[in-house]
């Protein structure tokens, strides 16, 4: 227990901050993933073959390649790519991107591929009559999307999105390889300096379990909220 | 684009793919055994056995695979007693540690897949077996297990692909699998995109093969 004390003697406060970091990265990544899903879901559902190809390539490639490989691509290639874009605009200094942004982006792109699949499935399983009825009623596209399709889609999507959240949360452990101090990295540091890897990695496992447990509780509440009336 | 590097790195990456495939097949083999065992424990009516099996799958599905590998590879070596037993021969090898972690992880997911397959078997099948006077044991082995395996094929196919991607974590415990070698080439040449394209294509090709194999099996065993 001494090992977990707060302050200078133990690792309690460090691990606590690391846990917050894991949560922050997961939320950012999930949000970036939603942005990607917002772009790629319409492409996947589009009738245009070219758009379709782009949408399908994104989800197929990202879901077929290991997360770690995607992270290495971003870790080693991220600042190079940004510097290349900057050089087009005439900025030639060295740019260092911080690990938080690289990590959230890498995990976000992965999470986005899963979210895209979830949204696609949810929209496709909405009864066709709903689209037709809105047209017959002459609803504006805006109203029809936000008041008719969205609420039904969310209800169908939430259980699957909770899976995506779990995957995203666990994937953040992989960005410890880039040096971002989240749960895994902090445990690695603590294990190294105390020579007690068994304790610290087990404690990391407990922290992850706690996070998944708490988020499940929260998501269940959301599910109840959005499935009212059914 | 450095095409020469892509051509040169291809044979090295292909060599490393052999290790990835070895890790994958070994973990799937042991994982399936573990999964089947725990699926049976999960549908048991004894609450203690049931809870135990549920706890196992909950813990392994709720924590990242990376933590599991680290606990087994770095953590277990710390227990002095383990170092004196025969188990140490296995546990000191990163290769076996990775396989143990992968097998336990995929076993947890497989047990959930098989459990839900067992539970969705129509009671009529079992009743039909009973009314024909077939013993419970034979009903289990000849009716329940084949139906459950067929039911769980699509989900198990996904699990195989997830496991294929999971084997990339072996590179964190010094194994030079496909991802490990890819990372090595990237860090020596600083050409991440080229190496990513080659290594990624190899992974995608394997995913494609697994996907089609499962589709073929689904068709073959459909009823």
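Could you work out how far helix A:99-124 tilts from the main Cα principal axis of chain A, as a 0 to 90 degree angle to the nearest 10? The two axes meet at around 30 degrees.
Seen from all directions on average, region A:94-152 presents a Cα convex hull projection of 6.1 nm².
Where only DSSP H runs of four or more residues are counted, chain A gives -26000 deg cm²/dmol as its mean residue ellipticity at 222 nm, each run worth -39500 (n - 2.57).
With a cut-off of 8 Å between alpha carbons and a minimum separation of six or more residues, what is the relative contact order of region B:71-223 in percent? It comes to 22 percent, rounded to a whole number. Here the simple spin-label model places points 7 Å from the Cα toward Cβ, and for residue B:89 and residue B:205 these points are separated by 3.7 nm. Per residue, the convex hull spanned by the Cα atoms of region A:150-230 measures out at 87 cubic angstrom. From helices alone, chain B scores -25500 deg cm²/dmol at 222 nm; the rule is -39500 (n - 2.57) for each run of n ≥ 4 DSSP H residues, then divide by the residue total. Once you have a ≥ b ≥ c as the square roots of the Cα gyration tensor eigenvalues for chain A, tell me rounded if a/c is under 1.5, and otherwise prolate or oblate according to whether a/b is larger than b/c. In terms of gyration-tensor shape, oblate.
With Cα atoms defining each centre, region B:173-220 and region B:67-81 are spaced 28 Å apart in the structure. When only alpha carbons are used to place a centre, region A:171-230 and region A:24-48 end up 23 Å from one another. With a Förster radius of 45 Å applied to the C-beta separation of residue B:29 and residue A:84, the computed FRET efficiency comes to 0.50.
With the simple spin-label model, which puts each label point 7 Å out from Cα in the Cβ direction, the residue B:158 to residue B:174 separation comes to 3.7 nm.
Each peptide among A:77-89, B:129-141, A:93-105, A:179-191 gets the average number of other Cβ atoms lying within 10 Å of its residues, and from highest to lowest they stand as A:179-191, A:93-105, A:77-89, B:129-141. Relative to the dominant Cα principal axis of chain B, helix B:178-189 is inclined by about 20°.
Length gained on full extension, residue B:140 to residue B:121, computed as 0.36 nm times the residue gap minus the Cα-Cα distance: 5.7 nm. Using only the Cα atoms of region B:3-220, build the gyration tensor, take square roots of its eigenvalues as a ≥ b ≥ c, and label the shape rounded, prolate or oblate: rounded if a/c is under 1.5, else prolate if a/b is larger than b/c, else oblate. Note, shape of region B:3-220 comes out oblate.
For the protein assembly as shown, a/c is less than 1.5, where a ≥ b ≥ c are the root eigenvalues of the C-alpha gyration tensor. That puts it in the rounded class.
If you look at the Cα atoms of region B:107-179, you get an Rg and a Dmax of 17.7, 57 Å. Using R0 = 45 Å, the C-beta based FRET efficiency linking residue A:3 and residue A:95 works out to 0.70. Could you work out the relative contact order of chain A, using alpha carbon pairs under 8 angstrom and six or more residues apart, expressed as a whole percent? Over chain A, the number comes to 26 percent. With respect to chain A, whose longest principal axis is taken over its alpha-carbon atoms, helix A:197-226 is tilted by about 20°.
Taken together, the values in this text are just the output of simple stated rules run on the coordinates, not laboratory data. Predicted model, so just to flag it, every value in this text is computed and none were measured. No Cβ is skipped: glycine too gets one built from the backbone with ideal geometry, and neighbour counts run over all protein chains shown.
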